[in-house]
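See below for the structure under consideration.
Nothing in this text is a laboratory measurement; each read-out follows from the coordinates by a stated rule. Note that the structure is predicted; figures quoted are calculated from it, not measured. Every residue, glycine among them, receives a Cβ derived from its backbone with ideal geometry; neighbour counts consider all protein chains shown.
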Ligand code: ADP
């Protein structure tokens, strides 16, 4: 797809220079454009700031007809339209809360044979709820004027992602109605299972996938114990490493944001807070102060960060446990956009897990702007969403509790990427402190865990298998009579983190598989542990040893 040999190549390069003011293409941009211009369905995983917008705006400009863009947030859409209009590219948007007359005006333009728009942005609920829009699209399509459909933040389609948004699930209708129109799905964050889910839900056919490494070599990762002195520790860390530099501190609750900001001000930092309870004008004011370096530190919930492109963020601190590895990776990704060394420090305490879990169960955790506002629509699948949230959270816990493996490796494995920890070059706490480790042969434990998954019929989640293995007498264990199994309690001598790490290891080794199932008519998904029959034979027959590293006992 890199080849220069396409009929549109000259036009593409000229417009990239003249209209967008770019001297060249960034990694994968040309490839993605060539694939979508060739009429294929394309799925793009590109880090934030990688230049995803160009991969559809440039084709939109040089293709006949209109490109439909589904984007989750009106504020992001308005920002995009402003840039397009500045570059003299005619674009419009439709959203649910727009005046009727204004919508009619856009519809009128769309029906005109001389329609001026090259791009039409809509929010996902507009596709789900507006028959008028679908009729317009059908009409455009029948006139051969629907050039391409773009789905931005495509990971929102999947309940496995950390930003599930129910309205995205209805977008499969587009491919059903317009099977010959190429779809371009874009995201900055997706695991292999999220990607598979998105491709399936959108009905993409023979989809070409482009992905870039998620590794950010200039970010230094560490996990610190969170104690009662956490705020003093944060103050000290900033003063010693990033004095007067710019950073974000992610907090769990709105109250935490305010408390942390107040304390940091007392310590002499230029800090402020940002969360969903503030009115839009207040939020915009704080964001502006931060962009202009009038304040250095923003103490925020995950509501802060989308569409923020400040290049010199030198640190991202997590004052409490992030809700998923994907979320964590994305939040950290706001540091060091300029490529300069930046720190990502996470303050971890197991009790935060309990707190986040409780808040998730009550539905009071602040969501990223991608998902907020769509909460009410969860009802049909709220249990499933909750379970997925807990699985994601537990993975984060296991990341934090891991004191030996390279942090970069742990994150990248989560995104299905291979990484040699030697290339970390001591830029994470585990690699740099070189904890003394013991290698332990866990083959027998691994075999028992595999047998337990088989004994329980391959119907249960990781956490349930761990509970049974560690001898829990919880109601659910008793209800399924798993307390009567020979392996019930076989792992009670192990620490919980240890057994769960062994299961993770088996999943990473593809001996155990987390099977994703559509489990009801609403399309909910759930995950159960299954055994990969081809891979497990060597382990069961005694031909494979599982050796893992654990911190040496002190
Ligand atoms: P993403 O959507 O992947 O987060 P954007 O599309 O917002 O990224 O692009 C991030 C920034 O990179 C924008 O300021 C954009 O103008 C710039 N950019 C994109 N492509 C190029 C390019 N080929 N050359 C120079 N700058 C680019």
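To check you understand DSSP bridge types, tell me what percent of the beta bridges within the chain (both residues inside) are antiparallel, rounded to 5.
20 percent
What is the helix-to-structure angle for 9-18, meaning the angle in degrees between its Cα long axis and the longest Cα principal axis of the chain, kept from 0 to 90 and rounded to the nearest 10?
The two axes meet at around 90 degrees.
Per DSSP H run of n ≥ 4, the term is -39500 (n - 2.57); total these for the chain, divide by its residue number, and report the mean residue ellipticity at 222 nm rounded to 500 deg cm²/dmol.
Numbers: 23 runs with 230 residues, N = 554.
When only DSSP H runs of four or more count, the value is -12000 deg cm²/dmol.
Using every pair of alpha-carbon atoms in the chain, split the distances into 20 Å bins beginning at 0 and state the percent of pairs per bin, rounded to integers.
19, 52, 27, 2
Report, to one decimal in Å, the Kirkwood hydrodynamic radius for the stretch 94-228 based on all distinct Cα pairs.
Numbers: mean 1/r = 0.0585 Å⁻¹.
Final number for the Kirkwood radius of the stretch 94-228 is 17.1 Å.
Taking the number of other C-beta atoms within 10 Å as the exposure measure, put 444, 312 in order starting with the fewest.
444, 312
How far, in degrees from 0 to 90, does helix 192-202 lean away from the longest principal axis of the Cα atoms of the chain, to the nearest 10?
40 degrees
How high is the relative contact order of the stretch 280-365? Use alpha-carbon pairs under 8 Å, at least six apart in sequence, and give a whole percent.
Working: 79 pairs, mean separation 23.3, N = 86.
Computed over the stretch 280-365, the figure is 27 percent.
Using the alpha-carbon atoms, what tilt in degrees (0 to 90, nearest 10) does helix 350-362 show relative to the longest principal axis of the chain?
50 degrees
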